[in-house]
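None of the figures in this text is laboratory data; all of them are computed from the coordinates on show. Here the structure is a predicted model, which is why all the values come from computation and not from measurement. With ideal geometry, Cβ positions are generated from the backbone for all residues, glycine too; neighbour counts draw on all protein chains shown.
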DNA sequence: TATTGTTATACTCTATAACTATA
DNA sequence: TATAGTTATAGAGTATAACAATA
């Protein structure tokens with residue numbers, strides 16, 4: 001492999017180019033690139049921090065919205081969170097299998113299901129929220145408390 | 001479907017709850033949720049803006065880094081951009097098929113390939129960069145020029 | 001006719017593991 | 001032994017299309 005090299009203080013020996021020496025060129029000016037890398041970091045930390053609960057970000061978002069808005073239809077949840085309705089079917093299947101969420105018949109529209117957390121789901125969500133708050137502290141530690149708040153403010157329009 | 005309703009100015013008729021009326025609860029305080037929604041918006045705009053060139057964000061990032069650092073190995077590109085080396089193989093296959101990138105034998109390590117843009121790749125990348133700059137202007141219009149710069153600053157450590 | 005939930009398909013992405021040829 | 005590139009597989013995630021039941 002042709003590797004560019006650089007002089008160092010260690011007696012002048014050539015060492016392989018460290019990762020950070022590879023320039024990003026135009027990429028450095030693209031918000032999307034930085035946002036994507038940050039999002040990967042943040043999801044990895046979320047998954048790791050909530051690993052003991054075996055809950056992923058999307059599952060957490062679905063349970064949180066159902067918990068705060070009992071009786072919502074699948075379409076309403078899907079639209080609110082920007083999830084495809086076809087995908088929500090499988091997400092709910094797995095949450096129902098774990099007895100966190102129930103689909104019951106809607107009183108007014110026989111096409112749709114009313115979504116509720118079960119008693120077990122409510123207790124579980126309380127735990128998830130504690131762990132998620134811990135994850136959020138990791139974010140604040142990583143980028144700074146004020147930067148985190150600025151970020152939330154700037155991006156509020158997308159939520 | 002059981003739908004919460006609200007009084008409106010239109011003579012007091014009940015209307016279905018609009019999406020925005022569904023509360024996010026704890027989700028509103030999670031940077032990851034906002035970042036994820038923003039990232040989806042930004043990638044969609046990128047893909048749409050570069051549709052005429054048929055180039056996606058990851059392909060663009062790979063070509064930009066190779067263009068700025070000719071002769072890099074696949075491992076070096078993969079590590080720098082946080083892409084799995086197994087995935088980079090397929091990404092390069094498609095870029096090579098379109099004659100944008102070449103894999104040539106490394107002079108010093110017969111296990112690795114030296115990556116270069118072809119003449120056609122260089123010309124194409126110049127066009128991609130013009131379109132990507134247009135996409136970046138959409139981002140600035142969406143969140144504001146200063147907010148975009150603040151964002152780049154806050155997230156620079158992840159790039 | 002349109003909508004809700006469902007099923008199915010295809011393609012992208014992520015995460016591994018294993019193989020080969022080299023080092 | 002370890003590394004670079006490759007192949008393969010499995011699980012998420014995304015994007016569609018089509019269908020039955022119902023509006």
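The figures follow:
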read-out: Largest-first principal axis extents, alpha carbons of the protein assembly as shown, Å; value: 74, 42, 36
read-out: Cβ-based exposure ranking for A:54, A:109, in which fewest neighbours within 10 Å come first; value: A:54, A:109
read-out: Distance between modelled label sites at residue A:156 and residue A:142, nm, 7 Å Cα→Cβ extension; value: 2.3 nm
read-out: Residue-averaged beta-carbon neighbours from other chains (10 angstrom radius) around A:111-118; value: 1
read-out: Cα long-axis angle, helix A:145-155 against chain A (0 to 90 degrees, to the nearest 10); value: 60 degrees
read-out: Segment B:5-158: relative contact order in percent, alpha carbon pairs under 8 Å with at least 6 residues between; value: 19 percent
read-out: Per-copy distances of the residue A:120 label point, shortest first, in nm (7 angstrom along Cα→Cβ); value: 5.8
read-out: Within the protein assembly as shown, helix-based [θ] at 222 nm, where runs of 4 or more DSSP H residues each add -39,500 (n - 2.57), nearest 500; value: -18000 deg cm²/dmol
read-out: Separation of the residue A:97 and residue B:116 label points, Cα + 7 Å toward Cβ, nm; value: 5.2 nm
read-out: Residue of chain A nearest the A-to-B rotation axis [by Cβ], rounded angstrom distance; value: A:39, 2
read-out: Position residue B:84, label points 7 Å along Cα→Cβ, spacing to each other copy in nm (shortest first, one decimal); value: 1.9
read-out: Alpha-carbon gyration tensor eigenvalues x 5, square-rooted, for segment A:104-159, Å; value: 35, 18, 5
read-out: Pair-distance profile P(r), taking every C-alpha pair of segment B:5-158, with 5 angstrom steps and integer %; value: 2, 7, 13, 15, 15, 12, 10, 8, 5, 4, 3, 3, 2, 1, 0, 0
read-out: Between helix A:57-68 and chain A: long-axis angle, C-alpha atoms, 0 to 90°, nearest 10; value: 40 degrees
read-out: Where labels lie 7 Å past Cα in the beta-carbon direction, separation of residue A:129 and residue A:28 in nm; value: 4.4 nm
read-out: Label 7 Å beyond Cα on the Cβ vector: residue A:149 copy-to-copy distances, nm; value: 2.3
read-out: Shielding of A:36-45 by partner chains, average beta-carbon count, 10 Å; value: 6
